[in-house]
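The next block holds one structure in the form of structure tokens; read it before the comments.
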Amino acid sequence: GINAEYGNFWSRTAMATPATKHPQHALFEELGLTPDKYLRPEQAARVVSTGREFLRATCLESHVNEVIVLPDGLSKLGLDVSIPSYVTEIARSADSVLSFCEQLDARQGLQNYDAYLSRFPDGIETLLSRDKDGDRFEDLLQMYREAKAEHPDDKYYISELGGYGKRDHPLTNERTRCILDADVRDLAEKDLGLKLPIWERGNAFVGEAGTGSCVHVDKVLWSNTGKNWTGQKLFAVWRLGSDTTDVLDRYYKKIMFPPFSETEIHALQKAVKVCLLVPGDVFVFCGACAHMAVSVGNELNVSGYEALVNFHPESLGTFRESGTEAHLEAEQASRTAMYEWKEDAVERLIDAENDVQKGLLTPQQLEDAVKELRQDRECSQLFHEIGGGHATKKSRTD
């Protein structure tokens, strides 16, 4: 059945399914996703088997046009208990996101959480961010009340679920709104000794069938690690370049959910990767590629994401395209935010000389990374300023 154990799902299906079919073809069928209409074997995710292999792929390899999955990764990395237990308990008992909110309010108080709440009329992502008077909602409680009063029969998706106020992170004591007690980032720093040029902590996401992250690219052209605690998620990625441009032209801010239309089937046929993420999966992909994640099945999906730029030249080269003509204008972060991330990346690459001394990176890996990032005019200037002994960070307004 759909809710059977998933621990060895990827390996079992890879052995049991003929090479002419996608290794998850049977599960696609079981979930009513009509795979015969679009799914190809080469669209399968790349599967790794150990936590260390996944961490090295995350930190040192390119993720462009790829999805890399570690089955049972939450357990293998010790992240299965990193999310508050009440989140997954409520998700397993609730039959909708509004029911999830109701139960979370009873247990913890929704006013203690910040998030984005979206509904999907005609498959188009629509944020509940303001009331009838145009005033912005302050917290998840206000959003929930609006949804319950104005659109009680709609389906909803919670993204970036975090605390309303900051707390001390239990591992690092940094001030954070993140409700997760540990991230893939913490495991990479502990097990590999590596701190990446950029690695942002993430929050939780909760969705019901037919909701999720619509077709989009990220605000910064970086990679994402994902963690999947409950429920299944259909995940599609389109090849960087013209395929990404084409699907954004047709489906930006839209979500595809069965029964798929003929044009949606064509779009899924064009995807470079299409896979199902199941409970326990940890995965990594490139957010510069157009991508979509839609919850499927009966159980609410609870997942989490972290954003990163690693040491691979293609990762840094893709990051350099952020905010340029190659980046969808509607998704671009502010120039101020981009400049600060560039500062972070340059400072980290300068500090990474210590990683070479410790044997954590090869001299060639660092040289290639620095060479790639120096091709950006602002980063080149930052290397000169920071690396030349200017200790004070410079900042710039838009």
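The values are calculated or read from the model by the stated rules, or taken from the named source; none is laboratory data. All figures in this text were calculated on a predicted structure; none of them were measured in a lab. Here the Cβ positions follow ideal geometry from the backbone for every residue, glycine too, while neighbour counts run over all protein chains shown. SASA here: full protein model, heavy atoms, side chains in, ligands and nucleic acids out. Shrake-Rupley method; radii C 1.70, N 1.55, O 1.52, S 1.80 Å.
Quick notes
- In the stretch 49-164, counting only strands (runs of 3 or more DSSP E) that sit wholly within it, the ones holding 1 or more residues that are farther than 19 Å from Val184 by Cα and under 24 Å from the mean Cα position of the chain (by Cα) span 113-119, 156-163.
- Scanning the stretch 298-321 for residues that are closer than 17 Å to Ala188 by Cβ, among the small types (Gly, Ala, Ser) and buried (at least 24 other Cβ atoms within 10 Å of the Cβ) yields Gly304, Ser315.
- The one condition in (1) out of contact with any Phe, Trp or Tyr (no Cβ under 9 Å at 6 or more places or on another chain); (2) among the polar types (S, T, N, Q); (3) surrounded by 18 or more Cβ atoms within 10 Å (Cβ to Cβ) that Thr88 fails to fulfil: (1)
- Selection within the stretch 133-146 - over 18 Å from Gln108 (Cβ atoms) and touching a Leu at 6+ places or on another chain (Cβ under 6 Å): Glu146
- Test: residue in the stretch 166-179 that is among the aliphatic types (A, V, I, L, M) and part of a loop (DSSP other than H, G, I, E, B): yes
- Every residue from the stretch 203-246 that is open to solvent by 10 Å² or more (accessible area, probe 1.4 Å), polar (S, T, N, Q) and within 11 Å of the chain's Cα centre (by Cα): Asn203, Ser213, Asn224
- Boolean, Ile83 is touching a strand residue (DSSP E or B) at 6+ places or on another chain (Cβ under 8 Å), farther than 21 Å from Met292 by Cβ and either at pLDDT 95 or above or open to solvent by 60 Å² or more (accessible area, probe 1.4 Å) (or both): yes
Per-residue answers, yes or no, for (1) within 30 Å of Gly317 (Cβ to Cβ); (2) β-branched (Val, Ile, Thr); (3) out of contact with any strand residue (DSSP E or B) (no Cβ under 8 Å at 6 or more places or on another chain); (4) surrounded by fewer than 17 Cβ atoms within 10 Å (Cβ to Cβ):
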position: Val67; (1), (2), (3), (4): yes, yes, no, no
position: Ser75; (1), (2), (3), (4): no, no, yes, yes
position: Leu79; (1), (2), (3), (4): yes, no, no, no
position: Asp95; (1), (2), (3), (4): no, no, yes, yes
position: Ser99; (1), (2), (3), (4): no, no, yes, yes
position: Gln103; (1), (2), (3), (4): no, no, yes, yes
position: Leu127; (1), (2), (3), (4): no, no, no, yes
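- Listed here are the strands (runs of 3 or more DSSP E) enclosed by the stretch 210-253 that have at least 1 residues being farther than 22 Å from Asp183 by Cβ and not acidic (Asp, Glu): 212-216, 232-237.
- Taken together, Lys270, Lys227, Lys254, Lys233 contain a single residue that is in contact (Cβ under 8 Å) with a residue 24 or more places away in the chain, more than 30 Å from Asp95 (Cα to Cα) and basic (Lys, Arg), which is Lys270.
- One residue stands out in the stretch 356-386 among those that are within 18 Å of Arg56 (Cα to Cα) and among the charged types (D, E, K, R): the one that is least open to solvent (accessible area, probe 1.4 Å), namely Asp368.
- Filter result (closer than 24 Å to Ala369 by Cα and surrounded by fewer than 23 Cβ atoms within 10 Å (Cβ to Cβ)) within the stretch 272-297: Gly287
- Top-ranked residue in the stretch 143-189 [being under 15 Å from Glu102 (Cα atoms) and free of Cβ contacts under 8 Å to residues at least 24 places away in the same chain; ranked as least open to solvent (accessible area, probe 1.4 Å)]: Glu146
- Counting only residues that are assigned to a helix (DSSP H, G or I) and touching a residue at least 24 places away in the same chain (Cβ under 8 Å), the stretch 37-48 holds 2 of them.
- Residues satisfying the stated conditions in the stretch 258-271, i.e. in a loop (DSSP other than H, G, I, E, B) and surrounded by fewer than 20 Cβ atoms within 10 Å (Cβ to Cβ): Pro258, Pro259, Phe260, Ser261
- Counting only residues that are in contact with a Leu (Cβ under 9 Å, 6 or more places away or on another chain) and either under 30 Å from Ala94 (Cα atoms) or aromatic (Phe, Trp, Tyr) (or both), the stretch 236-251 holds 2 of them.
- Members of the stretch 190-202 found to be under 12 Å from Cys59 (Cβ atoms), open to solvent by 10 Å² or more (accessible area, probe 1.4 Å) and not aliphatic (A, V, I, L, M), listed by number: Asp191, Gly193, Lys195, Trp199
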